[in-house]
Each structure stands twice: as C-alpha cells, then as structure tokens.
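Asker: Sending over a structure as structure tokens; questions will come in a sec.
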Amino acid sequence: EAQVTQNPRYLITVTGKKLTVTCSQNMNHEYMSWYRQDPGLGLRQIYYSMNVEVTDKGDVPEGYKVSRKEKRNFPLILESPSPNQTSLYFCASSLKAGQAFFGQGTRLTVV
Amino acid sequence: AQSVTQLGSHVSVSEGALVLLRCNYSSSVPPYLFWYVQYPNQGLQLLLKYTSAATLVKGINGFEAEFKKSETSFHLTKPSAHMSDAAEYFCAVTWGYSSASKIIFGSGTRLSIRP
C-alpha cells in the first residue's frame, strides 16, 4: 500500500529539548516536503526536497532543519523547540504537481 | 503575489442539502487546481484535480468542481450532503506541472452536517 508514515503521531516536549520527527514514503517519489498546519492559516510549507541531498527552505523555515540522505526518508529536526512551534505537522511526497500524498500528521506541543 | 482564498472558514448544511465550498485564486496565468479533504485526526487526501482538460471535474464521494477562468474560481459542490462528508476541505493551486512545483493551500473550510 502506497503510504507516507510519520512518527510520532503525538509529542509533548519542553522548550529547548531537541527532537526529530521522522517521515518515510514507499512510493519512490523524488519530491518531499514538510508543512505545519495552524488554525486559520491552512498549511504552510517549512522545507522541501527535490531529491537526495537537495533541500530548500519553504515559507516558514526558521527553527527547523531537514536532511535527505535517502530517497525514502525526510526527517524534520527541531534543534531547540519553542512554544510557537506547537502545531500539527505533515510530511508529504509527490510524483506529479499538486498531487501530494500526506502522512497522518504529528501533533507537537512545546511547553 | 499568487494566492488562493477560501470564502468561509466554516460551512454548515443539513443532511441531503447542497454543499458549496468556495475557492478563488489570484493569477493571470491559469493554474492547476486541487481540492483536498482532511477527516478528523488524518492527513489530507486528494479529492479532485483540474489540470487544463475538462473544466468540470468529478472527484471521489460524489464531489465535483468547476473551473471558471473568467471568475478565477474553482468551487466545490455536492448535490446531497452525507454525515460522512463532515471534514475540513482545502483548495490548493500550483502553477507548474513538475513534482517540485510549489503548492499553495487555502486556509481551509470546515464542513459540518446537521442531521
């Protein structure tokens, strides 16, 4: 089954404690991206990757890092989380423009 | 700047009634247009897409949308709402057809269905 898998689904952490949200896809897609979803703001792109070792900033990259060492994996790293990064995060991969496959989401709370 | 606007953050209809969710985009260049649906505690799923073929596009679960270039709109409709249609709906646009073309999402419309 074609899918994008994110872990964990839920995470509560404290300010400043580094964390990683993993994302893996089994569709051999080259393009992957991370979004955050906040009420009234829709989805905003954090980072994207066009292929292995090729990443670039989206609209709201501050406070986040990513890596793309393998085609299937695209982890999101928060080196020093802050409360304003409390949000719902989605990983997505796509083969054709606009036709993205989304993970189930990770609800992050930073206290 | 290119943008997409969804009118109404919350729409409530009775079961069996017409569903109409509005989406407008701003661009002089016709985009590729999409509707995504997000059920509670799930990720987004593609509902339907417009990629410059037929202007009336049919999607899953009885939804359809019509691309109107003169109105820069891509409104989503369903003739008869079901309780299972309760979800959040996102309109999205992109202006290129490679996988890397940036997708811009609207702010979403939450659809509630009254029994």
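The values are calculated or read from the model by the stated rules, or taken from the named source; none is laboratory data. From a predicted model like this one, the values you see are computed outputs, not experimental measurements. FYI the Cβ positions are ideal-geometry reconstructions off the backbone, even for glycines, and counts take in every protein chain you see. For accessibility, only protein heavy atoms count, side chains too; no ligands or nucleic acids. Shrake-Rupley method; radii C 1.70, N 1.55, O 1.52, S 1.80 Å.
Asker: When the accessible area of chain A is computed with all protein chains present and a 1.4 Å probe, what percentage of it is carbon and sulfur? Numbers along the way, then the final one.
Answerer: Values: 2740 of 5320 Å².
C and S atoms contribute 51 percent here.
Asker: Okay, moving on. Identify the GluC sites (Glu not before Pro) of the stretch A:1-101 meeting these criteria: DSSP loop state and at most 14 other C-beta atoms within 10 Å of the C-beta.
Answerer: Details: sites: A:GLU1, A:GLU30, A:GLU53, A:GLU62, A:GLU70, A:GLU79; in loops: A:GLU1, A:GLU30, A:GLU53, A:GLU62, A:GLU70, A:GLU79.
Passing both the DSSP loop test and the Cβ count: A:GLU1, A:GLU53, A:GLU62, A:GLU70, A:GLU79.
Asker: Could you work out the relative contact order of chain A? I mean the mean sequence separation of Cα pairs under 8 Å and 6+ apart, divided by the number of residues, in percent.
Answerer: Working: 293 pairs, mean separation 40.1, N = 111.
Computed over chain A, the figure is 36 percent.
Asker: May I pose another question? Let me have the relative contact order for the stretch A:50-111, percent, based on Cα pairs under 8 Å that are six or more residues apart. Display every interim value, and only then the final one.
Answerer: Working: 76 pairs, mean separation 15.7, N = 62.
25 percent.
Asker: With an 8 Å cut-off on Cα pairs and a minimum separation of 6 or more residues, tell me the relative contact order of chain B in percent.
Answerer: On the way: 281 pairs, mean separation 42.2, N = 115.
That works out to 37 percent.
Asker: Can you tell which of B:ALA81, B:ALA54, B:ALA65 shows the greatest fluctuation in a Gaussian network model of chain B with Cα springs below 10 Å?
Answerer: Looking only at B:ALA81, B:ALA54, B:ALA65, the largest GNM fluctuation is found for B:ALA54.
Asker: Also, I was wondering about something else. Would you mind listing how long chain B runs along its three principal axes, going by Cα atoms, in whole Å with the largest first?
Answerer: 41, 29, 22
Asker: Take every Cα-Cα pair in the stretch A:64-107 and report what % of them are more than 13 Å apart. All intermediate terms of the calculation are to be shown ahead of the outcome.
Answerer: Details: 622 of 946 pairs.
For the stretch A:64-107, the fraction of Cα-Cα distances above 13 Å is 66 percent.
Asker: Average partner chain C-beta neighbours within 10 Å, per residue of A:99-106?
Answerer: Details: counts 10, 10, 4, 7, 3, 3, 5, 0.
Across the residues of A:99-106, the mean count of other-chain Cβ atoms within 10 Å is 5.
Asker: For chain A, take the alpha-carbon Rg, divide it by the Kirkwood Rh, and send me Rg/Rh. Intermediate values should be presented prior to the final figure.
Answerer: Working: Rg = 13.0 Å, Rh = 13.8 Å.
Ratio value, two decimals: 0.94.
Asker: Summing both sides, how much accessible area is buried between A and B? Use a 1.4 Å probe and give Å² to the nearest 100.
Answerer: On the way: alone 6250 and 6180 Å², together 10590 Å².
Buried area (both sides, nearest 100 Å²): 1800 Å².
Asker: Just to be sure I follow the definition: excluding the sites themselves, where is the longest run in chain A that has none of the trypsin sites (Lys or Arg not before Pro) in a DSSP loop with at most 14 other Cβ atoms within 10 Å? If you can, show how the numbers build up before the last one.
Answerer: On the way: sites that count: A:ARG9, A:LYS17, A:LYS18, A:LYS69.
Between the exposed loop sites, the longest stretch runs A:19-68.
Asker: Compare each residue of the stretch B:29-45 in its chain alone against the assembly with all protein chains, and report those whose accessible area goes down by 40 Å² or more; 1.4 Å probe, heavy atoms.
Answerer: Buried by the other chains: B:TYR36, B:ASN41, B:GLY43, B:LEU44.
Asker: Hey, got the Cα dimensions of the stretch B:24-91 along the principal axes, in Å, largest first?
Answerer: Principal-axis extents of the stretch B:24-91 (Cα, largest first): 36, 23, 17 Å.
Asker: Using C-alpha positions alone, give me the convex hull volume of the protein assembly as shown per residue in cubic angstrom. Intermediate values should be presented prior to the final figure.
Answerer: Values: hull volume 27.8 nm³, N = 226.
Enclosed volume per residue, from the Cα hull, is 123 Å³.
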